[in-house]
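Q: Can you read through this structure? Questions will come right after.
The values are calculated or read from the model by the stated rules, or taken from the named source; none is laboratory data. Source: prediction; values computed, not measured. Neighbour counts are summed over all protein chains in view; Cβ atoms, including those assigned to glycine, are modelled from backbone coordinates with ideal geometry. In case anyone asks, the SASA skips ligands and DNA or RNA and just uses the protein heavy atoms, side chains included. Shrake-Rupley method; radii C 1.70, N 1.55, O 1.52, S 1.80 Å.
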Amino acid sequence: MGTRKDRRIRRSVVSGGAHGDNISGLLGLPEPFTGASVQRTFKLTDVPTVQALTDVLEEWGVSTKDWGKGNTKAVSKFFHEIEGNEAGLEVWKTKKGDKSMAVRVTHVLRAKVTSPDAYARGVFLFNTWQQYGDGRKRIRNGLLSEKLTLAEMPLVSHLHDVCARAVTEEEMQRIVESLTRITPNQPAPEYDASYQCPLRVVDEEFVDHTVEIEASKSYPGLMTVYHLYTVDIICEGLPTVDFNTLEFEHADKNGKRRLKYIHAWVWLEWGMIQRYLFDGSEMKERKSKGSFATPDELEAWLGQFDVDLESWGRARPSLGSSSVTWKSVDKLWRELESSQTQLERWGRNDGVPLLMRVVHVLQMKVTSVEAAHHQKFLFQVWHQTATGQIRHVNRTMAKKLNTADLPFDASTFEQVARNQVKDQLTFLADVHIRLQDKDLPTERSLEQSGVNVVKVEFSDHRFDLEDSPSYKDMTTMYHLYTVEVQCTGLPTSDFASIAFDSNENPSAIGWRWTTWQETLDILHQRAQLLERREGVMTDKIRDISDACRVCLEELSAPRGTSTADQLASVRSRLEEMSALLRAQESKEVIPGFTRLPPSMVSTLADRKGVSDDFLDGALLARQLAARGGAIRHLRHEEEDMQFQNTDMMQFQSTGLMEIEPSTKSGFCSLFCGQNLADTSAELRK
């Protein structure tokens with residue numbers, strides 16, 4: 001989170017439901033509502049009675065015959081919502097104009113309440129549980145939430161008044177100690193008319209506006225649109241420790257106000273709050289090829305998430321090189337259009353949308369018959385582009401799978417593996433080769449290697465969840481599928497290869513024969529190197545910070561002809577630089593994917609690109625292959641023993657060698673290669 005300067009308004013507030021306007025650009029609505037527009041908005045004068053409301057609903061295809069039965073609500077309840085400005089009734093027309101539907105519209109405020117000091121540290125109040133006035137208790141795990149009335153729309157015109165009402169008149173109206181609760185020995189607190197709320201809203205900042213659409217459980221057949229507005233509310237008078245608040249009902253006919261809730265509030269960092277809010281999330285929407293006509297449409301849709309789009313396509317100064325940049329929105333759009341990735345929007349009905357990038361990758365353990373006997377496979381250690389840039393890779397051969405081929409099967413994996421081997425191993429070279437920009441090779445100037453794929457076997461599936469190294473603030477779920485690819489024509493020692501992209505630009509790839517144990521050593525060495533570099537960088541930052549401090553001390557007693565304004569300007573810049581360096585020195589990088597609850601990670605992992613039957617079949621095939629190999633090994637041993645016994649009998653019958661019974665075991669061991677200690681003893685005799 002951080003300071004106020006870090007805030008970004010990601011979406012404009014919609015004015016009262018965007019009457020008659022196309023709302024797709026602002027809301028990023030899921031299908032079939034993408035591009036929909038509000039065709040008509042009904043006011044109380046249009047439905048002045050319960051029967052009038054029933055007639056309108058029936059006219060627009062919503063049957064109310066089952067309303068009021070079981071857990072559903074009656075039409076009269078919806079009428080009272082409209083009468084009290086708590087909900088509205090609209091008719092939406094789809095983008096194609098071929099369908100119109102009635103929708104119930106509500107507006108909800110989600111408040112991230114904090115103090116000025118806590119706001120600077122990204123810490124907010126979180127409602128962990130509620131206790132009813134009758135003593136019942138339930139887990140809440142949410143932000144301050146308050147229904148908004150249609151009279152308070154557009155929200156931008158009533159933002160301060162809405163925030164003040166939500167804090168001082170509703171859930172946080174009366175502050176008590178964190179131990180306050182209803183027990184058999186502790187009755188519900190009484191309403192104190194003389195109590196004055198100590199809280200005062202000093203600032204509020206609109207964060208975002210999201211929309212959730214679902215079939216209403218209370219009103220069957222009627223779609224409900226939830227407009228969810230997230231606002232940072234900065235208050236004075238808040239306790240610095242965890243506390244509870246009391247919320248009372250409105251006065252009854254006798255003037256008595258009964259306790260409605262006891263709310264428990266704790267201070268938490270925003271990342272931890274998100275972890276709770278994401279629990280119970282469901283996938284609301286998936287975007288793939290054809291979902292966005294242009295990169296601008298994609299960028300507008302990405303605006304609903306907490307993503308620093310301004311940094312996309314720009315240099316990453318933290319890596320110390322201006323040549324390393326975050327990928328752009330245009331690049332992500334091209335990935336979608338080429339079916340290399342999918343985007344998913346996850347969330348609950350109380351907002352907090354989460355953006356998830358999903359990528360399916362095929363990893364190939366390329367080997368030969370001889371190398372497989374020694375459990376070795378090819379490991380890509382470096383990659384050089386046509387411009388001469390070399391980077392460490394340290395991974396097996398890999399290829400992103402085309403999401404248009406979902407669900408994947410064995411034939412898909414085999415075809416991708418064959419194509420990838422052809423692309424990367426057709427032209428082989430010496431392991432020490434380096435591309436020279438003045439003498440780049442071409443396909444016509446190189447001799448083909450003759451490497452040929454003879455067998456592709458599926459091995460396993462796993463997943464990896466991490467912060468995307470290419471797109472800032474985006475979490476990526478990698479579904480990884482491994483196949484073993486056996487080839488002929490491969491060199492027996494380490495080598496390099498030349499590959500060409502679709503524009504015939506060459507690149508060099510370094511390959512190394514390795515085992516799993518050796519790959520772990522390589523990765524361990526790489527990690528140690530990065531740790532040493534990080535240590536050197538930290539020392540440099542500390543030295544620069546100390547130099548800034550010394551410079552500031554010298555500026556405190558200025559000399560020479562410099563003007564006061566010049567010195568003040570230099571001092572201000574040095575102070576900013578020093579603060580930035582100190583923050584960078586002590587900054588702890590916490591991966592963004594750690595905010596995801598285990599239940600959501602499990603759900604994401606289960607959305608793999610192959611069926612459970614396919615995985616079960618592959619596992620069974622591996623088990624049978626391993627069992628068959630063991631049986632063949634035992635048969636070979638049995639045949640060897642029979643052969644050795646036959647030879648022994650021949651030796652004894654011909655008299656070429658007389659063997660004492662005590663030495664037969666050692667002699668047999670000499671020929672079968674086992675029991676080496678006994679064999680050595682016999683040889684010494």
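Q: Points 7 angstrom from Cα along the Cβ direction at Ala293 and Thr492: gap in nanometres?
A: For the pair Ala293/Thr492, the computed spacing is 6.3 nm.
Q: Tabulate in residue order the Karplus-calculated ³J(HN,Hα) for segment 449-461, using 6.51 cos²θ - 1.76 cosθ + 1.60 with θ = phi - 60°, rounded to whole Hz; enter x for Gly and Pro.
A: Taking θ as phi minus 60°, the curve returns 7, x, 5, 9, 7, 10, 7, 10, 10, 5, 10, 6, 10 Hz for segment 449-461.
Q: Heavy atoms only, probe 1.4 Å: what % of the accessible area of segment 69-212 goes to carbon and sulfur, would you let me know?
A: C and S atoms contribute 48 percent here.
Q: With a 1.4 Å probe and all protein chains left in place, how much accessible area per residue does segment 38-151 have, in Å²?
A: 48 Å²
Q: Could you please state, rounded to a whole Å, how far the C-alpha centre of segment 365-394 is from the C-alpha centre of segment 159-199?
A: So the separation of the two Cα centres works out to 65 Å.
Q: Something else about it: What number comes out for accessible area per residue over segment 302-440 if the probe is 1.4 Å? Units Å², please.
A: Accessible area per residue: 48 Å².
Q: So, with a 1.4 angstrom probe, what is the percent of accessible area on segment 263-398 that is carbon and sulfur?
A: Of the solvent-accessible surface of segment 263-398, carbon and sulfur hold 47 percent.
Q: Points 7 angstrom from Cα along the Cβ direction at Glu214 and Ile544: gap in nanometres?
A: Result for the modelled spin labels: 4.8 nm.
Q: Let me ask you something else. Taking the alpha-carbon distance from Lys289 and a cut-off under 25 Å, which lysines remain once sequence neighbours fewer than 8 residues away in the same chain are dropped?
A: Of all the lysines, those that pass the test against Lys289 - Cα under 25 Å, at least 8 places apart if same chain - are Lys93, Lys95, Lys96, Lys99, Lys327, Lys331, Lys399, Lys400, Lys472, Lys608.
Q: Further question on the same structure: Carbon and sulfur together cover what percent of the accessible area of segment 425-539 at a 1.4 Å probe radius?
A: Accessible surface attributable to carbon and sulfur in segment 425-539 totals 46 percent.
Q: Hey, another quick one. Please compute the modelled spin-label separation between Ala251 and Val50, points set 7 Å along Cα→Cβ, answer in nm with one decimal.
A: Going by the 7 Å Cα→Cβ label model, 2.9 nm.
Q: Hey, if we sort Lys73, Lys289 by accessible area with the 1.4 Å probe, largest down, what's the order?
A: Lys289, Lys73
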